[in-house]
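Here's the structure we're looking at; comments come further down.
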Amino acid sequence: MSSVERFDCHYCKDSLLGKKYIMKEDTQYCTKCYENLFANCCEVCSLPIGCNFRDLSYKDHHWHEQCFKCAKCSRSLVEKAFAAKEDLLLCTECYAHDYSSKCSTCKKTVMPGSRKMEYKGNSWHETCFLCHRCQQPIGTKSFIPKDSGYFCVPCFEKQFAYQCCACKKAITTGGVTYQDKPWHRECFLCIGCRKQLSGYRFTSRENYPYCLDCFSNLYAKKCVGCTKPISSLAGAKYISFEERQWHSECFTCMQCSVSLVGRGFLTQRDDILCTDCGREK
């Protein structure tokens with residue numbers, strides 16, 4: 001009589017010959033031992049999810065198939081979309097009714113997973129977020145809020161933006177006002193050298209803006225000593241005598257070059273001399 005090799009449950013050692021068993025990591029168990037050792041407990045009924053039941057799991061939680069239901073309306077969630085809220089599973093309809101935002105335009109629920117727009121605590125269906133002027137969906141394009149409305153950039157520029165008096169294009173940010181007229185920063189230039197004046201000191205003559213260098217070269221008085229412009233706009237100190245001007249550092253004796261600032265001096269034709277050199281003459 002031939003011997004039969006034993007085939008027992010790894011845990012309880014009962015024979016598995018002719019019985020249902022379950023393999024786990026190359027080890028066999030009878031159904032009772034497998035359920036006691038490894039079966040997950042259902043989140044709803046707290047009973048083990050046995051071998052004869054389908055185990056549904058979500059984020060380390062488990063349910064019997066018949067227990068996997070919406071926590072509010074009790075409809076089965078098997079093979080359906082669902083949402084989680086505070087450890088509860090809800091069908092999309094219940095979740096939307098209780099937790100989803102309402103569209104600020106049509107007042108209907110913005111369903112989970114649908115395309116939407118959010119701005120400063122308000123929500124819209126993507127197709128409901130419209131430009132206040134052209135009434136076209138803004139979608140993912142840039143927009144500008146104004147009063148209680150929202151505008152696509154082209155409509156905002158047409159309706160509200162100032163136009164630069166130089167290039168005639170809309171000024172949306174960073175404009176400059178000069179003589180009550182709007183300019184782009186990059187368009188506000190010195191009339192002489194075309195250097196950008198925004199952020200720098202400048203002056204004007206006959207309603208034209210000039211940088212200090214150009215104004216000095218064109219209109220400032222010239223120093224008798226060095227012939228360069230004397231620009232009081234730039235803070236330069238100068239001496240004036242008989243309709244002639246000198247930089248303070250240029251107001252010196254024509255003969256010995258001593259500074260005459262704050263000292264007495266003599267004139268000889270167009271020359272200025274210190275008193276010592278003048279007496280020698």
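Amide H contacts for Ser123 (H built 1.01 Å from N in the peptide plane; partners 5 or more residues away or on another chain; cut-off under 5 Å): Ser104.
Kindly state, to the nearest 0.05, the FRET efficiency for Ala166 paired with Ser101, given R0 = 45 Å and r defined as their beta-carbon distance.
Approximately 0.50, to the nearest 0.05.
Among the GluC sites (Glu not before Pro) within segment 181-264, those in coil by DSSP and having at most 10 neighbouring Cβ atoms inside 10 Å are Glu206, Glu242, Glu243. Spin-label model, Asn122/Asp276: points 7 Å from Cα along the beta carbon direction are separated by 8.3 nm. Distances between placed amide hydrogens fall under 5 Å for Ile272 paired with Met254, all partners being 5 or more residues away or on another chain.
The amide H of Tyr178, built 1.01 Å from its N in the peptide plane, has Trp183 as neighbours under 5 Å, considering only residues 5 or more places off or on other chains.
The helix-based estimate of mean residue ellipticity at 222 nm for the chain, built from -39,500 (n - 2.57) per DSSP H run of four or more residues and divided by its residue count, is -3500 deg cm²/dmol to the nearest 500. Of interest is the spacing of the C-alpha centroids, which for segment 38-55 and segment 67-127 amounts to 28 Å.
Within 10 Å of each candidate Cβ there may be at most 14 other Cβ atoms; applying that plus a DSSP loop requirement, which trypsin sites (Lys or Arg not before Pro) in segment 122-220 survive?
Values: sites: Arg133, Lys141, Lys146, Lys158, Lys168, Lys169, Arg185, Arg194, Lys195, Arg201, Arg205; in loops: Arg133, Lys141, Lys168, Lys169, Arg194, Lys195, Arg201.
Of the trypsin sites (Lys or Arg not before Pro), the ones in loops of segment 122-220 whose Cβ has at most 14 other Cβ atoms within 10 Å are Lys141, Lys168, Lys169, Arg194, Lys195, Arg201.
Just checking the listed ones, Asp14, Asp55, Asp26: in the Gaussian network model of the chain with Cα springs under 10 Å, the one fluctuating most is Asp26. Note that segment 152-281 presents 67 Å² accessible area per residue, ligands and nucleic acids not counted, probe 1.4 Å. Going through (1) 24.4; (2) 36.7; (3) 21.6, the figure that equals mean projected area of the Cα convex hull in nm² as computed for the structure here is (2).
By accessible area, using a 1.4 Å probe on protein heavy atoms only, the chain has 48% of its surface on carbon and sulfur. Neighbours of Glu249 by Cβ distance under 13 Å: Lys/Arg scored +1, Asp/Glu scored -1, total +2.
The values are calculated or read from the model by the stated rules, or taken from the named source; none is laboratory data. None of these values were measured; they are calculated from a predicted model. Glycine also receives a Cβ, built like all others from the backbone with ideal geometry; neighbour counts cover every protein chain displayed. What goes into the accessible areas is simple: the full protein's heavy atoms, side chains included, and nothing from ligands, DNA or RNA. Shrake-Rupley method; radii C 1.70, N 1.55, O 1.52, S 1.80 Å.
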